[in-house]
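Here's the structure we're looking at; comments come further down.
The values are calculated or read from the model by the stated rules, or taken from the named source; none is laboratory data. Predicted model only: the values in this text are computed from it and were never measured. When we count neighbours, we look across all protein chains shown, and the Cβ atoms used for this are built from the backbone with ideal geometry, even at glycine.
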């Protein structure tokens, strides 16, 4: 991606919270080696303090009651206050860089101050429908107009951006297959078929789209286990499973993500057919593919472009279809990397 003006040599990349959020390494840190080889002078800085964010997401079990009683709110406000202080540091640093690239950082305050106090070119990177009421709305549209350029992960989101800023480039999320290749030998045949889901607490509600199908399938197959990765510490957002044997990993690092996906036979990518889901990218599906898990996806948004049903994955739009596709995979272990003994 290029912006008009002198050649870009020095780039300040602002991450939301370092690698505390998956987007930190998928949309930012993933390119470190490439930047180094290209000779660019790139520096990373986090708007929020990563250790504090990790603590908020997964506090020690003995603090759960205290967190629920109000400590979580206090720490959250502290994190935001520190974020405001960090923004002042970012503004001072920005004066020495050609470009400030804000990856999943949509602070109107930061953008306005950078525009006012620096001459650096501003690039916003984002995903999701941040223009919807309650997520940013008109304020987010104002940010789109202020920055010099925008990057996003899919054409559906880009079409919206270009209504406010024509300088928009699509950079698809990349699962970095080579990371999986380095650990692929760790995969071992096993008797249990693992149906997995990986995501964040903000997307865990999508599991309700496949809840009934999982109940039916697990009732019929004792060798099926459901693994849920990235659901956060609050279990209230999960479906109240009755007969679904499942285990949970609250949060994950890059290496833990690879470990988890390599342990999955089937990867779930359920979505509701609403605007926020239609503009989602397909990183989840490609991550499953990188780990050789069979991706079963809702026919929503870019999944329709990526998935050829029955060829490189499966599409399921109703409870009956989810049940049918999961049954097909369980009954035909040749589809599955582990169950086949391959």
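Observations
- Residue-level check: of (1) farther than 21 Å from residue 232 by Cα; (2) touching a helix residue (DSSP H, G or I) at 6+ places or on another chain (Cβ under 9 Å); (3) at pLDDT below 95, residue 85 misses just (2).
- A single member of 56, 52, 130 is modelled with pLDDT under 90 and within 26 Å of residue 232 (Cα to Cα), and it is 56.
- In the set (1) crowded, with 17+ Cβ neighbours inside 10 Å; (2) closer than 26 Å to residue 20 by Cβ; (3) modelled with pLDDT of 95 or more, the condition left unmet by residue 165 is number (2).
- Meeting the requirement of 1 or more residues that are closer than 23 Å to residue 205 by Cα and at pLDDT below 95, the strands (runs of 3 or more DSSP E) wholly within region 239-342 are 246-249.
- Selection status of residue 134, in a helix (DSSP H, G or I) and surrounded by fewer than 19 Cβ atoms within 10 Å (Cβ to Cβ): no
- Which numbered condition residue 171 misses (of (1) crowded, with 18+ Cβ neighbours inside 10 Å; (2) at pLDDT below 95): (1)
- Criterion: surrounded by fewer than 22 Cβ atoms within 10 Å (Cβ to Cβ), at positive phi, out of contact with any strand residue (DSSP E or B) (no Cβ under 9 Å at 6 or more places or on another chain) and in the same structural domain as residue 204 (by TED's automatic domain parsing) - qualifying residue of 310, 317, 301: 310
- Test result for residue 111, in contact (Cβ under 8 Å) with a residue 12 or more places away in the chain and within 30 Å of residue 288 (Cα to Cα): no
- Screening the candidates 228, 236 for the property of being buried (at least 17 other Cβ atoms within 10 Å of the Cβ) and not in a loop (DSSP other than H, G, I, E, B) yields one hit, 228.
- The one condition in (1) in a loop (DSSP other than H, G, I, E, B); (2) out of contact with any helix residue (DSSP H, G or I) (no Cβ under 8 Å at 6 or more places or on another chain); (3) in contact (Cβ under 8 Å) with a residue 24 or more places away in the chain that residue 218 fails to fulfil: (1)
- A count restricted to region 154-206 and to residues that are part of a loop (DSSP other than H, G, I, E, B) and under 21 Å from the mean Cα position of the chain (by Cα) stands at 12.
- Residue satisfying condition, being surrounded by fewer than 20 Cβ atoms within 10 Å (Cβ to Cβ), in contact with a helix residue (DSSP H, G or I) (Cβ under 9 Å, 6 or more places away or on another chain), in contact (Cβ under 8 Å) with a residue 60 or more places away in the chain and under 24 Å from residue 131 (Cα atoms), within set 278, 254: 278
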